[in-house]
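This report concerns only the one structure given below.
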Amino acid sequence: MTQHFWVAGTDTDVGKTVVTGCFLRYFQKKGRKAVPYKPVQTGVTPGHSNASSSDTSYYQYVSAAPLVEDHLNTYSFKEPASPHYAAMLEGAEVSKEKILSHIELLKNNYDYVICEGAGGLYVPLTENEFFLDLIEQSKLPVVLVTRTALGTINHTLLSLEALKQRNIPAAGIVFNRYQGTALENSNIETIRRYANLPVLIISELKNISEPEIPGVAGEQFFERLMLL
Ligand SMILES: Nc1ncnc2c1ncn2[C@@H]1O[C@H](COP(=O)(O)OP(=O)(O)OP(=O)(O)O)[C@@H](O)[C@H]1O
Ligand SMILES: [Mg+2]
């Protein structure tokens, strides 16, 4: 039974944080203890904390109850770049082991731990490790967030292939920012044909400060996810 997982993406800016916010609120509504965790965030200006200043600020902003700040993040860097480069500019290095032990701590304290990746799967974490290496060693499954627009078939199938090669279970696909066009419908259908996975579709939201999962679809998605 899976209750802890990664929200990884096909790319940066696909909506991992917004989807993490949706999941957090979904579990909280069910009265469960859930925590979002962003191991490495970049592009963070110290002292600034509004909903859009960092992923962890957004978590706090959308959470139904205050979250324990120390549980949400391990590394924050100023440069909006990949973790290894942003860390290098500050003379730091990311430790995979430190992140893995934080995940263990969270697993012992929460019903649901939602770990958010950085960028896509092959984003460098350190000089010689990728984010995918961290995901693999965490032994947690992945919910893949992807776009609905042109280009998504290639990005989504490549990402699923990368997970498969490492034997990392793909728990489901979230198509984010759906606008209801014929092209998007065709993209989603094509991906479903190749990947027999639970799918959740999240529309383009008017108000991202109250991210919600569509009711019945959400229930079905998580029922299948938890069966893994
Ligand atoms: N469903 C949605 N509806 C409307 N706007 C969205 C939606 N999902 C994401 N966005 C917007 O797209 C932008 C990128 O989203 P988000 O920060 O969640 O991406 P990300 O994948 O977490 O990026 P990163 O790799 O930096 O962590 C944000 O401005 C967010 O508000
Ligand atoms: Mg994010």
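When shorter helices are ignored and each DSSP H run of at least 4 residues is given -39500 (n - 2.57), the per-residue value for the chain at 222 nm works out to -12500 deg cm²/dmol.
Given Cα positions, please report Rg to Rh for the chain, the hydrodynamic radius being the Kirkwood one.
That ratio is 0.94, to two decimals.
Taking every DSSP bridge with both residues inside the stretch 4-226, close to 5 percent are antiparallel. Over the chain, Cα pairs under 8 Å with separation of 6+ residues give a relative contact order of 26 percent. Each label point was placed 7 Å from the Cα along the Cα-to-Cβ direction; for Glu223 and Glu93 their separation is 4.9 nm. Computed from label points 7 Å out along Cα-Cβ, the spacing between Asn167 and Gln60 is 4.1 nm.
Local charge for Val62 was computed over the other residues whose Cβ lies under 14 Å away, with Lys and Arg +1 and Asp and Glu -1, and equals 0.
The stretch 32-95 and the stretch 162-190 have Cα centres lying 26 Å from one another.
The label point for Asp70 and the one for Arg193, both projected 7 Å from the Cα toward the Cβ, are 5.3 nm apart.
Give the calculated FRET efficiency between Ile153 and Glu204 to the nearest 0.05, with a Förster radius of 22 Å applied to their Cβ-Cβ distance. In this case the efficiency is close to 0.70.
Values in this text are rule-based calculations from the coordinates and carry no lab data. All of these numbers come straight from a predicted model, not from anything done at the bench. Cβ coordinates were reconstructed from backbone atoms using ideal geometry, including for glycine residues, and neighbour counts include every protein chain displayed.
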